[in-house]
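The values are calculated or read from the model by the stated rules, or taken from the named source; none is laboratory data. Since the model is a prediction, treat every value here as computed from it, not as a measurement. Here the Cβ is made from the backbone with ideal geometry for all residues, glycine too, and neighbour counts use every protein chain on show. Side chains are part of the model used for accessible areas, which takes the heavy atoms of the whole protein and leaves out ligands, DNA and RNA. Shrake-Rupley method; radii C 1.70, N 1.55, O 1.52, S 1.80 Å.
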Amino acid sequence: MFKICNYSDDIMSEVHVFNAGPCLLPQQAIDSSIEALKNFKGTGISVLSVSHRSKEWGEVMDEVRANWKELLNIPDTHEVVFLGGGASLQFLYVAMNFLEHKAAYLDTGVWAHKALQQAQGIGEAYALACSADRNYSYIPKGYVIPTDVDYFHITTNNTIYGTEIKEDIDSPVPLVADMSSDIMSRPVDVSKYAMIYGGAQKNVGPAGVVFAIIRKDALGKVSRYIPTMLDYRTHIDKESMFNTPPVFSIFVMNETLKWLKGIGGVEAVNKLDIEKADILYNEIDRNSLFTGTAAKEDRSIMNVCFVMAPGYESLQDEFFAFAKGRGMVGIKGHRSVGGFRASIYNACTKEDVNALAGCMREFEAMKK
């Protein structure tokens with residue numbers, strides 16, 4: 001929750017941010033990043049101008065890797081790298097580095113489908129299971145992961161449709177996961193994955209940097225030529241500094257991880273995230289004006305998607321205006337599906353969520 005000054009009438013008003021990304025960052029990370037913009041680690045140089053080859057920057061890179069490994073209990077079999085280009089570029093990276101014969105994908109939404117399409121441009125890849133038949137409102141069940149594929153790819157949280165895989169899958173083949181929008185929201189058994197990747201701009205930092213957690217012995221299995229910049233081994237060997245890294249984005253990421261450690265780490269924030277989601281889903285289920293769009297057993301604790309209940313669709317624009325007037329920011333659903341979406345990532349507070357639930361109750365009282 002942020003306090004901003006409305007200079008038109010000099011009254012302080014509360015703003016509750018539910019943007020799907022870039023995410024709401026913890027104020028601690030914002031404040032320390034502002035200081036680094038002025039003077040990075042006492043060098044007298046802004047972090048925007050610091051050399052990525054400097055001793056001071058090397059210390060940040062060492063620290064951010066160590067924080068990732070500590071928070072997720074990443075085993076020594078895996079390495080963490082930081083890249084540019086967004087998670088969408090990783091769709092191509094994954095296929096270039098892991099696809100030799102064929103790959104299976106779980107198609108649970110727009111980004112999962114895009115990942116599959118990129119792999120199909122490299123080699124044989126197919127959807128093992130798909131939930132498009134019900135507008136991606138559920139996670140497919142009952143599928144059997146084949147043993148003759150190079151890897152199985154999943155997208156653990158679907159930001160547009162509000163569904164989530166909340167447990168680590170046991171896979172007989174290398175498991176690759178796009179965790180862009182739920183990383184650091186729950187404990188993860190990293191040993192079960194050949195690779196976990198994602199954009200930082202949901203839970204762990206600003207836009208501009210991608211994290212990739214890679215099991216080192218899973219690489220080097222394909223026979224194709226891999227361009228230097230698309231080869232994960234390049235970035236592991238050069239400790240994410242083969243080329244100039246996105247320095248400021250990595251700095252803010254590190255400050256965000258320090259904040260997360262300070263509040264008790266992943267286990268503590270997972271408890272808080274579940275509590276926040278319960279508050280909002282309980283209000284959606286109780287409120288006669290709204291209805292959820294995701295199957296209850298698959299509801300995301302990161303992205304809460306809902307619409308006006310049948311018979312009240314005409315009130316949608318009125319509720320948007322009502323909520324905006326009460327400081328709710330970023331609750332409009334993705335342009336491809338409409339409705340509402342409240343993204344309640346780690347830095348979103350219970351106060352924010354209670355404010356939105358209260359806004360929904362107030363609107364219902366006006367209209368009933």
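Backbone phi angles across segment 24-38, fed through the Karplus curve with coefficients 6.51, -1.76 and 1.60 (θ = phi - 60°), yield HN-Hα couplings of 6, 9, x, 4, 4, 5, 5, 5, 5, 6, 4, 4, 5, 5, 7 Hz in residue order; Gly and Pro are listed as x.
Magnitude of the charge dipole for the chain, about its Cα centre and with charges confined to Cβ atoms of Lys, Arg (+1) and Asp, Glu (-1), is about 360 debye. Listed by chain and number, the aspartates and glutamates whose C-alpha is less than 19 Å from the C-alpha of LYS41, apart from same-chain residues fewer than 8 away, are ASP31, GLU56, GLU59, ASP62, GLU63, GLU255. Quick one: accessible surface of GLU70, probe radius 1.4 Å, all protein chains present, in square angstrom to the nearest 10. Solvent-accessible area, nearest 10 Å²: 110 Å². Surface exposure of the chain, expressed per residue as accessible area with a 1.4 Å probe, stands at 42 Å². For the chain, the mean residue ellipticity at 222 nm estimated from helices alone is -11000 deg cm²/dmol, where every DSSP H run of n ≥ 4 contributes -39500 (n - 2.57) and the total is divided by all residues, rounded to the nearest 500. Here the relative contact order of segment 67-139, from alpha carbon pairs under 8 Å that lie six or more residues apart, stands at 27 percent.
For trypsin sites (Lys or Arg not before Pro), the sites in segment 310-346 that DSSP calls loop and that have at most 11 other Cβ atoms within 10 Å are ARG335. Straight-distance candidates among the lysines for linking to LYS114, with alpha-carbon spacing under 23 Å and chain neighbours fewer than 8 residues away dropped: LYS102, LYS141, LYS166, LYS202, LYS332. Rounded to the nearest 20 debye, the dipole magnitude of segment 271-368 is 140 debye, with +1 charges on Lys and Arg beta carbons, -1 on Asp and Glu beta carbons, and the Cα centre as origin. Count the DSSP beta bridges whose two residues both fall in the chain, then state the antiparallel fraction as a percent rounded to the nearest 5. Rounded to the nearest five, the antiparallel share is 60 percent. Taking a ≥ b ≥ c as the square roots of the eigenvalues of the Cα gyration tensor, an a/c ratio of 1.5 or more together with a/b larger than b/c marks segment 168-209 as prolate.
So for the chain, averaging the separation of alpha carbon pairs under 8 Å that are six or more residues apart and normalising by length, what relative contact order in percent results?
Working: 705 pairs, mean separation 81.9, N = 368.
Reported as a whole number, the value is 22 percent.
Ordering ASN287, ALA36, SER49 by Cα displacement along the dipole of the chain toward the positive end leaves SER49 in first place; charges were set at the Cβ atoms of Lys, Arg (+1) and Asp, Glu (-1). Computed from phi, the 3J(HN,Hα) profile of segment 132-146 under the Karplus parametrisation 6.51, -1.76, 1.60 (θ = phi - 60°) reads 5, 5, 10, 6, 6, 8, 8, 9, x, 10, x, 7, 10, 6, x Hz, with x in place of Gly and Pro.
What part of the accessible area of the chain, given as a whole %, is carbon or sulfur when the probe is 1.4 angstrom? Solvent-exposed carbon and sulfur of the chain make up 51 percent of the total. Of THR349, THR155, THR77, the residue with the greatest mean-square motion in the GNM of the chain, using alpha carbon springs below 10 Å, is THR77. Set against the labelled values [x] 21.3, 66; [y] 19.9, 61; [z] 25.7, 82, Rg and Dmax of the Cα atoms in Å computed from this structure falls on [x].
Over segment 1-156, what is the mean sequence separation of C-alpha contacts under 8 Å (at least six apart), divided by residue count, expressed as relative contact order in percent?
On the way: 159 pairs, mean separation 22.6, N = 156.
Contact order relative to length: 15 percent.
In plain terms, the chain is cut at each of the chymotrypsin sites (Phe, Trp or Tyr not before Pro) found in a DSSP loop with at most 10 other Cβ atoms within 10 Å, and the longest leftover piece is 8-224. Specify whether the C-alpha gyration tensor of segment 279-368 places it in the rounded, prolate or oblate class, a ≥ b ≥ c being the square roots of the eigenvalues: rounded for a/c under 1.5, otherwise prolate if a/b is larger than b/c and oblate if not. Rounded shape, in that the Cα axes give a/c under 1.5.
About the centre of its Cα atoms, segment 1-132 shows a dipole size close to 280 debye [charges on the beta carbon of Lys, Arg (+1) and Asp, Glu (-1) only; nearest 20 debye].
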